[in-house]
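To start, the structure itself, in structure tokens.
Read-outs throughout are calculated quantities, based only on the coordinates presented, and are distinct from any laboratory measurement. The structure displayed is predicted, hence computed values, not measured ones. As a convention, Cβ positions derive from the backbone with ideal geometry for all residues, glycine included, and neighbour counts pool all protein chains shown.
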Amino acid sequence: MKLNNELSALLSQIKFSKIIDETSTPLAPFGNHFSHYDHSPAVEPMIQSRIASRWIRDIHGMVKENVYAFQQTMQGKSGPEVFSNNREMYMLSSYDYLGLLGHPYIENAAINGIKNFGTATGGARMLAGTNQLHRRLEDKLASFKRKEAAITFSSGYMANLAVVNGVLQKADRIIVDEMIHRSLYDALHMAQLNYEKFRHNDMQHLQQLLESKTDHKKTFIIAEGIYSMEGDLCPLPEIVALKKEFGAYLILDESHSFGVFGENGRGVDEHFGIDPNDIDIYTSALSKAIPSGGGFIATSQQTVIFLQHAASPFVFSGAMSPANTAAALAALEVLETEGPERIKKTFTNTAYLKRNLKRLGYNIGKTQSPIIPVIGGNKEITLRLSARLYALGIIANPVIFPAVPPGEDRLRLCVTAAHNKYILDEIILAFSMCKSIIE
């Protein structure tokens, strides 16, 4: 009864008609490709395979039911409010955790980066593609992560390919959390490296694997700061303790925790009070809390020198663009001055939304971060929930198999410092209007 009263109070305060459009559905970006088929079209011979057949069948079904909510087109800047498919909508799936998208200092830095260095570098970093901005950004990243050196790449995905293909060898024992990012799994497969998985955040299982006899020369543990599907933190103090006990090396992907955790946004090491020297290699994207594009590795200077000559994504791929490099550098400068306040606002907003989603009866898992999974239980419920929220003016992206195991389909919500209470209240009200879908 208390919850119903609070929702009624919200309803009386909010002009929800500003965003509601009961007839609106997500727009599939495929033109008329599926419109002529009552049943899933045959797969072209060139891509004929089991996985292609499944994707074409599933996409056809989603389009036919008007629940294909992926690849929605933004018609302007991203942020807490967006203009998409000719509608004003609230964004609840942006990685812009600190609300830095659109920050004038960062935008001006990107513009000046283009004016001074052009739209591209004209080459790979190993050859003629290195400019002053790259040097300054790498020095800033190394200092911020309190490591000897850093090396940047065109994306976080490329940074993970570089560290796996450049550092790990077939003679090494590699033990990974089962929920590490797809880029790390792709890198391991591309390098044809054998690896073992420990159950997600299960330190007893990790210890059992480390205790098993091995002839490998070195042991590497790979984990993430925040796991992007669950929103939970790695138990870094326990991982570091086991790493030290067994003489292993630790690679930590901080793509979602960099800028978000720790008093100053340095990451989960700062959050837990861990000495950065206890993490051998950091990797991260520069497209989440840092509103740019690119990625980096922070580690020892000798390892960076080696990667500058042996990492294929550095040697054979284009450098970060001047605009992205300048934006990332400026964002780090903003983080040093505005970071603590923005981090506090992000977690205040996160706690508010989590509390209300729980009270509405939604399953949000064990999240400890601004990533909030709303677990629907199956694909159909998840897609219907996302489409219904879309009609109510909320972009809340679904995550379905194979990105998550069958039965764990979910919406992945991302809270940012740019959300205000008015927006959050409208989002909560929208979820209250969707409760019948999960009941």
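Rank by packing, highest mean first: peptides 156-166, 64-74, with packing defined as the count of other Cβ atoms within 10 Å averaged across residues. Working shown, then result.
Values: 156-166: 25.0, 64-74: 16.9.
Ranking the peptides 156-166, 64-74 by packing returns 156-166, 64-74.
Per residue Cα convex hull volume for segment 243-287, in cubic angstrom?
Details: hull volume 3.0 nm³, N = 45.
In segment 243-287, the Cα convex hull volume per residue is 66 Å³.
Counting each pair of different Cα atoms once, what's the Kirkwood radius of segment 231-320 in Å, rounded to one decimal? Walk me through the intermediate numbers first.
Numbers: mean 1/r = 0.0702 Å⁻¹.
By the Kirkwood definition, the hydrodynamic radius is 14.2 Å.
Find how much the distance from Tyr352 to Asp215 grows on full extension, using 0.36 nm per residue of separation minus their present alpha carbon separation; answer in nm with one decimal. All intermediate terms of the calculation are to be shown ahead of the outcome.
Numbers: separation 137, 0.36 × 137 = 49.32 nm, distance 5.05 nm.
Length gained, Tyr352 through Asp215: 44.3 nm.
Could you give the spread of the C-alpha atoms of the chain along their three principal axes, from largest to smallest, in whole angstroms?
The Cα atoms of the chain stretch 60, 50, 47 Å along the principal axes, largest first.
Ranked from highest to lowest mean number of other Cβ atoms within 10 Å per residue, what is the order of the peptides 180-186, 334-340? All intermediate terms of the calculation are to be shown ahead of the outcome.
Numbers: 180-186: 18.6, 334-340: 16.9.
For the peptides 180-186, 334-340, the packing ranking is 180-186, 334-340.
Using a 10 Å cut-off on Cβ atoms, rank the peptides 117-129, 46-58, 410-422 from the highest mean neighbour count down.
Details: 117-129: 15.2, 46-58: 12.1, 410-422: 21.8.
The most tightly packed comes first, giving 410-422, 117-129, 46-58.
Quick query: amide H of Val176 versus all other amide H atoms, modeled in the peptide plane; which residues come in under 5 Å with a sequence gap of 5 or more or a different chain?
Glu196, Lys197, Phe198, Ile222
To the nearest 500 deg cm²/dmol, what mean residue ellipticity at 222 nm is calculated for the chain from DSSP H runs of n ≥ 4 alone, each contributing -39,500 (n - 2.57), summed and divided by the residues?
Details: 15 runs with 181 residues, N = 439.
Value at 222 nm, helices only, nearest 500: -13000 deg cm²/dmol.
Once you have all Cα-Cα distances for segment 121-320, histogram them in 5 Å bins from zero and send the whole-percent values.
Taking all Cα pairs of segment 121-320, the binned fractions are 1, 8, 17, 21, 21, 16, 9, 4, 1, 0 percent.
How big is Rg to Rh over segment 127-243, alpha-carbon atoms, Rh as the Kirkwood inverse-mean-distance radius? Intermediate results must be reported in sequence, preceding the final value.
Details: Rg = 15.9 Å, Rh = 15.9 Å.
That ratio equals 1.00.
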